[in-house]
Structures are given as structure tokens and as C-alpha cells.
């Protein structure tokens, strides 16, 4: 009842979602807990509610900077004290944050996993009154998971230091093997551990897969026929821009999003989509994390993801409002063949790894036996151009080096402008006569941003410009002047991807791999790829069942709404009916190409499903073709 009261009072929800109450009860009983909840299943509530019900703070370990910042911001809006420590922060900032967390009524401290074993964090750990450890994205601890991060293995040492503190591990997707690995790596004691797994069934989500020659006609058909918000996932940044341009050319309001955009561009695009000013967002997997938009009607993948884990997470962003939604996968034969051969590219040989590692050292001007614990800005495009290296090769080597514990590569480092006022009150009062503009900016900062005296605080130059009736450029100049006068600490926006060295840089010739584990990870990657391909190629089994079985849930009945379930209900076109309709289509298209709608007008009385079968069969027999604009014509 106390937990429900907190939920209603702080979050305004009348009831818990499935399994949330049971997970919270387990945590409050001081039991180590593994919770598998789907994307949008309310994982954060499972540690935020119990943290508010007991003294001390909740230490939240997460690799996702954007998600950390978003949750801290949301908690502060509810007047709950929360801080975050992530990559790219200066040592002084980290120290100030730790001191404040230890000495204030802080309830939540978010940290990236590599921070756990730093000398600074270990120094302040005894002063932090930790009552709960929440491990988000817990699958990252498993070498057999799709996103293994060695820094997660350090959480075990933290658990040994705080043996009385319960651990809540959270993930949206983990196979039975990964679930077992999470519990082992986090040192969960079997008799005192609870595992909660929500059903992988999504009764309102219709899965479907289409093998196509060209994704655009089918994509156009979907976004024109299904009203509401859509996400279109692509495998590359270039592809997002190409597809968005083609959608716009066909009258669809669409835009693209990827990690190469500036912070302001990303914020504007995301806001336009979130507020329904922009129906379709074409993006890489950089989009969607931390976005809670319940009314997404379609999630469309143009191309095959690497594994079912990421596909399930991304597809699961559709239909969180429990209304009918669609998850559609479009792929070409070439994309299928490329994915089948991906594991050999994803696991480069040692000679290639050494070559790229040496290039990294040259790029960063980093001598041997230096660099441990340091972050370095890293421009991938500039690096590949300067050293004439293929981008994909570099990305695969970075991942290999990361999984071997030599570096960490963070592509998404979006740290906002931060300011801390250092001046005494009398110094600020003097500004009114000596520097009126600086005085106005300082007063605005003090009014708009609580805590700006105590710690570096994220600010919006745009908001300060609006409040002071100045231009954003003038605000930047004012902040720089205030820093020169030593009245503030000013940390400009940081957007560059970063490399972190958990250990000193060594000579490239001394670099080594754990060949046994490297081979096992490659084998596991091949297994994951084969599972993804099997899902795409399957034409009989219910797709919800395929997903459930992959994650260890064998109890799912046929969903009845995926393409495979629907095909079982179809009455196939009789041979004579097909022959008649084929002749009508050939006659209708003999004069000129037609859109799908115009062609169907020439076939009065045909059922929608039979029309789809007819068009698919005519394409398969190469009687017709569909171009990028959706026009159907006879093949010559």
C-alpha cells in the first residue's frame, strides 16, 4: 500500500503495470532481483519507488548518458534530488557531485560503469549511504549478450564491498543463457534471488516481414495507409537521409535522425516528432532510447538488424498505448546475404586490430604507458580519412578492443552546457555598475537554475537568451567573460564521441586477445545472426512465438495477427481466378503504369487480401514491377 501510495502521489498512476509490484516487494525484502520487462514496461519505477520508501540513496548503473540525463531531469521536476556522473565530466565536477550526493538528501545517483573503480569514486563510496543498487541494461554484463561491456564486470566488486545492499538487475531482452550469466556475474545467491519475467506477448502488436526488391514502395504503402506516428529504422546514417528524402518527395512529412547531428538539431527533430508535428522519423538505432511516446503506430525496419534482441526492443516502441500497432521488417536478398557474412567482418584478425590500435595512438598523440582513466574526443570520420581506413572496419575493431577491455568507445556523448557560480555575493552586486549585461545574465541564471551555486548545473543558452531578450551568441560571450573574471565555471556543450582508456595504452605489437573468448563471442554472434535470419525467412510459425521462444518463453499461443498467422486464415487464389485477374491486370497496365489504388479500381469487387496475394504473385512471376514511387508497370 505504501508503494502504491508513492506511485499515485509522485507519478500520478493509479496502478502498477504487470510485475512492477512484485519486483518492488522483492527489492524491499532485500533480495537480489533480476527483472525482464519489455521496452516501455516501466523498468525505472521498479527501483525509483522502493528507493523513495527507504532511507539512503539508490545507485543506478547505466551506460546510456542520454537516458541518465533524462531520468535525472524527470526526477528533479518531481522535486526529488538526483545526480549523474558520466563520461566527459571533469574531475572537479565528479568530485563536487560525489560530495553533494554524500552530504545532501540525494535519493538517486546515476553512474556509468567505468566510474565504479576509479580512485575518486572509491574514495567517496563509504560516505554514500547506498540502500539499493540498480543495474540497468544488465545484459551488458554477459559476454554472450549482444552488447557486452567489460566495465559491467566491475559491479561484482561493488557488490562485495556492499554485501548487505540488494541489487536489482534490469533488462528488456535476454536469452535464458544470458539471464543465467547475469545472475552469476552479479554474484546473486540462488536461495535469496528472485527472477521476474514479463510475458513477451504483445497482443496489440502485429509483426510482419516482407522480402522486397526495393523497400521504398512498400514503405510508402505502409506510412500512407497507417495513420499516426512512425519510426523507420535503417542500418546507416546515409540510408536515413536517402529514405527520408524519398518519403518527402512522395508527399510524406518525414525527417532523419542519427548520432552525427548536433545537439540542437537532434532536440528539434525529436521534439517535432514527439509533438506530432512530424509523423515519420527515419533513423539509426541512436533514436528511441529514453523516448516514451505511447502512440507510435508503426515501427518499420528497412534492412535486417544484427539480432533479435535489438529488433525486439526497437519494434517494441510501437503500440505502448495498447492500441493496434504494426512492426514491419523489410529486407532485400542482398541484405540477407550481407548479414549472413557479417560475423567474419565483425571479428577482424589480430593484425587488423593492431593496425587500427596504432593508428588510434597516432591520432590521439598518446605515448605508450599513458592514458589510463582518461577520456579523449574522437572524430570517426576524420580518423578514417586521415589513416585511409574503412569506417566499418574501424567500428568493428573498436568493438573488439572494447570487449577485450583495452578501450571504451562512446558514440553518443551529448553533454549540455553547465555553469557553476563561484563569485561571492558582493562580487555579483558589483557587476550592476561595472558590467550591466553580465549582471543581467548572472541574475537570470540564479533565478532560473536552482543549485547553480553548489554544483555545475546544466543550462540552456537559448532559454537564458529568451529570458534576457538577448541573442544566444551574446549569452555565450557573456559566459566566457564571466569565466575570464573567475566569477563562474563554464563548461561548454560537448558533442564529440569519446574514447576512454580503462588501462594504459600499450605498444601495438604487445596487444593481445583472449583467443578462446574471442572465438566464443564470434560463434555466439553467428548464432544470433542465424536466429535473426530464421525469423525473417520463416513463413509458417507465429512470429510472436518465435520471439518468445528465443527469450525462453515457450508458453505463447499463436498471436493471430502477424503475417504468418493471417496467411493461415487466407483463402488462396484459385488457379482459374488468378488467370482471370492476371489478364485484367495486364490489360489495365498496357496503356501506362498505375498506382496500387488506381489498379485496384480496375479490379472491382476484389477482396483486399486477395489483391495483396495477386500483386505479390505477379511480382514473383516477374509480370509486373513496382518502382520507388509506388507505380506498378508491366515488365518488358
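The values are calculated or read from the model by the stated rules, or taken from the named source; none is laboratory data. A quick note: this is a predicted structure, and the numbers were derived from the prediction, not measured. With ideal geometry, Cβ positions are generated from the backbone for all residues, glycine too; neighbour counts draw on all protein chains shown.
Among the residues of the range 266-286, write down those that are without any contact (Cβ under 8 Å) to a residue 40 or more places away in the chain and either loosely packed, with under 13 Cβ neighbours inside 10 Å or in contact with a helix residue (DSSP H, G or I) (Cβ under 6 Å, 6 or more places away or on another chain) (or both). Scanning the range 266-286 gives 271, 275, 277, 278. Looking only at residues in the range 68-110 that are surrounded by fewer than 18 Cβ atoms within 10 Å (Cβ to Cβ) and under 24 Å from the mean Cα position of the chain (by Cα), the one that is nearest to residue 454 (Cα to Cα) is 76. Looking across the range 144-156, the residues that are closer than 25 Å to residue 122 by Cβ and not in a helix (DSSP H, G or I) come down to 148, 149. The number of residues in the range 253-267 that are within 18 Å of the chain's Cα centre (by Cα) and part of a helix (DSSP H, G or I) comes to 4. All of 525, 536 fail the test of being under 19 Å from residue 304 (Cα atoms) and modelled with pLDDT of 95 or more, apart from 536. Listed here are the strands (runs of 3 or more DSSP E) enclosed by the range 332-441 that have at least 2 residues being within 23 Å of the chain's Cα centre (by Cα): 374-377, 408-410. Of note, residue 331 does not satisfy the criterion of being touching a helix residue (DSSP H, G or I) at 6+ places or on another chain (Cβ under 7 Å), surrounded by 17 or more Cβ atoms within 10 Å (Cβ to Cβ) and farther than 30 Å from residue 620 by Cα.
Check every one of the helices (runs of 4 or more DSSP H) wholly within the range 566-632 and list those with 2 or more residues that are within 39 Å of the chain's Cα centre (by Cα), closer than 21 Å to residue 210 by Cβ and touching a residue at least 24 places away in the same chain (Cβ under 8 Å). Passing ranges, in order: 608-620.
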